[in-house]
Amino acid sequence: MAETLEGLDFESLGERLVADGVNRVHALPLFQSLHGRDGVRFPPPLARWMAGRAADERVVAEESALTESGDGWTRKFLLRLRDGAEVESVLMGYPGRFTACLSTQVGCAMGCVFCATGQMGFRRHLEAGEIVAQAHHVTRSSEQLFGERVRNLVMMGMGEPLHNFDSTVRALDILTDTRGLNIGPARVSISTVGHVPGIRRLARHPKRYTLAVSLHGASDEERSKLIPVNRRWPLAELLDAIREFAEIRRQRVLVAWTLIGGVNDDRGTAERLTALLEGLPVQVNLIPLNPTDGYAGEVSPGERVHEFQRTLQQGGLPATVRQRRGIDVDAGCGQLRARSGAQ
Ligand code: SAH
Ligand code: SF4
């Protein structure tokens, strides 16, 4: 399938116009109108060209379900794509900080045992335009519901972004283009399971996106039980890639740690994690487990979470706890879709 108009970067959009005999100068109003600028006027040749575009050149992402958290600040959207596949996007609002969480694949091939998306298996990669369209859907909703602009993106929805590197990065390059939605690159976080070749590639990408690595285990043995692809990219290689990323970018890397009761939330694990990350410019983000039907793991008690955090901090590691906002909207990865029973 040809890439949709939403999934073409500015240069490619110009080439697309030229291929149809339309002057390249019209790429600017076209790009602006595709990417969220209101009231853009189309010169007649562009208007004529646009009128002839078949629907299959545009992304169609229809909202098929919407849930709201009890506190009213989190909205989770289930979007149906052209082939009927469904993906999730989430709007997370904090006063003064609105963030869109986007999916990069339908399902995921990485098979992490605690994750609803992993339990679903892999169906397909998303096209760049489908990732862009999610951002626009969430952004428009944020403006309608709260009168607030989304200024942050996190690639933490369904799928492994670096397994779908080209489409993910092209979508982000479009979404951070100053002629369009104009999100600041540093306000974009790409969360990865630890896809080592992808991390090394991202380190060399011209735009400085923030990298977040999901660790969850402090030894290969423990990590492989939760994250099967640790066998392919073991901890030593992963830490080496993180070090390289931080050195090339002169940028701190975020480390995500999902706390699972009795599995990776004890003091000994926190001490081993501190030792493992010693000397790396990282910040640890602790995430309490969101229970899923396919995994029997337990939620850590609040006291354990804080003890884990304190142990890391005493060892000199900056550590924060992510609030479990949105748990009542099934905002854990892949859970809304899992619940809707969609295919
Ligand atoms: N594939 C990427 C990004 C999507 S998952 C990755 O794995 O990083 C985003 C984050 O949600 C990851 O840190 C993942 O480990 C975490 N996650 C997945 N399922 C979860 C669950 N049931 N409870 C808590 N965190 C979960
Ligand atoms: Fe895929 Fe991330 Fe879920 Fe693992 S946690 S299965 S990498 S989406």
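The values are calculated or read from the model by the stated rules, or taken from the named source; none is laboratory data. Just so it is clear, the model here is predicted, and its values are computed rather than measured. When we count neighbours, we look across all protein chains shown, and the Cβ atoms used for this are built from the backbone with ideal geometry, even at glycine. Ligands, DNA and RNA are excluded from the accessible area calculation, which covers all protein heavy atoms including side chains. Shrake-Rupley method; radii C 1.70, N 1.55, O 1.52, S 1.80 Å.
List of remarks:
- MET156 near ligand 2 (Cβ under 9 Å from one of its atoms), closer than 15 Å to VAL90 by Cβ and either open to solvent by 20 Å² or more (accessible area, probe 1.4 Å) or touching a strand residue (DSSP E or B) at 6+ places or on another chain (Cβ under 9 Å) (or both): yes
This table checks each residue for (1) modelled with pLDDT of 95 or more; (2) among the hydroxyl-bearing types (Ser, Thr, Tyr); (3) out of contact with any strand residue (DSSP E or B) (no Cβ under 8 Å at 6 or more places or on another chain).
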| residue | (1), (2), (3) |
| --- | --- |
| PRO95 | no, no, yes |
| ALA116 | no, no, yes |
| HIS125 | yes, no, no |
| GLU130 | yes, no, no |
| SER167 | yes, yes, no |
| ILE174 | yes, no, yes |
| THR178 | yes, yes, yes |
| ILE190 | yes, no, no |
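One line per residue, one yes/no per condition, for (1) more than 16 Å from ligand 1 (Cβ to nearest atom); (2) out of contact with any strand residue (DSSP E or B) (no Cβ under 8 Å at 6 or more places or on another chain); (3) at pLDDT 95 or above:
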| residue | (1), (2), (3) |
| --- | --- |
| PRO234 | yes, yes, yes |
| ALA270 | yes, yes, yes |
| LEU273 | no, no, yes |
| LEU280 | yes, no, yes |
| ALA296 | no, yes, no |
| GLY315 | yes, yes, yes |
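- Positions within the stretch 236-252 being open to solvent by less than 40 Å² (accessible area, probe 1.4 Å) and away from ligand 1 (no atom under 15 Å from the Cβ), in sequence order: LEU239, ALA246, ARG249, GLN251
A quick yes/no check of all residues on (1) away from ligand 1 (no atom under 16 Å from the Cβ); (2) β-branched (Val, Ile, Thr):
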| position | (1), (2) |
| --- | --- |
| ASP71 | yes, no |
| GLU86 | yes, no |
| VAL90 | no, yes |
| LEU102 | no, no |
| GLN105 | no, no |
| CYS108 | no, no |
| GLY111 | no, no |
| ARG123 | no, no |
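- Residue match in the stretch 105-121 (condition: open to solvent by less than 10 Å² (accessible area, probe 1.4 Å) and more than 16 Å from ligand 2 (Cβ to nearest atom)): no
- Residue that is nearest to the chain's Cα centre (by Cα), among those in the stretch 137-153 that are within 21 Å of LEU81 (Cα to Cα) and open to solvent by less than 20 Å² (accessible area, probe 1.4 Å): LEU153
- Inside the stretch 267-290, residues that are surrounded by fewer than 17 Cβ atoms within 10 Å (Cβ to Cβ) and not hydrophobic (A, V, I, L, M, F, W, C) make up a count of 8.
- Unique residue being in the same structural domain as HIS195 (by TED's automatic domain parsing), farther than 24 Å from THR176 by Cβ and either touching a Cys at 6+ places or on another chain (Cβ under 8 Å) or not aromatic (Phe, Trp, Tyr) (or both) when the list is SER103, SER141, SER89, SER64: SER64
- Evaluation of SER214 against (1) more than 13 Å from ligand 2 (Cβ to nearest atom); (2) within 21 Å of GLY315 (Cβ to Cβ); (3) among the polar types (S, T, N, Q) (one fails), failing number: (1)
- Here ALA128, ALA135 are screened, and the one residue that is in contact (Cβ under 8 Å) with a residue 60 or more places away in the chain and either away from ligand 1 (no atom under 11 Å from the Cβ) or not assigned by TED's automatic domain parsing to the domain that holds ARG37 (or both) is ALA128.
Per-residue answers, yes or no, for (1) modelled with pLDDT of 95 or more; (2) open to solvent by less than 70 Å² (accessible area, probe 1.4 Å):
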position: THR4; (1), (2): no, yes
position: SER12; (1), (2): yes, yes
position: VAL25; (1), (2): yes, no
position: GLY36; (1), (2): no, yes
position: PHE42; (1), (2): no, yes
position: ALA47; (1), (2): no, yes
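- Of the residues making up the stretch 80-99, those that are farther than 20 Å from GLU62 by Cα, part of a strand (DSSP E or B) and open to solvent by 30 Å² or more (accessible area, probe 1.4 Å) are TYR94, ARG97.
- Going through (1) at pLDDT 95 or above; (2) more than 16 Å from ligand 2 (Cβ to nearest atom) one by one, PRO197 falls short only on (2).
- Cross-chain or 6+ apart pairs with Cβ under 7 Å, the stretch 21-46 first and assigned by TED's automatic domain parsing to the domain that holds SER142, then of a type in the set (D, E, K, R): none
- Qualifying residues in the stretch 159-185 (those that are crowded, with 21+ Cβ neighbours inside 10 Å and among the polar types (S, T, N, Q)) - the one farthest from ligand 2 (Cβ to nearest atom): SER167
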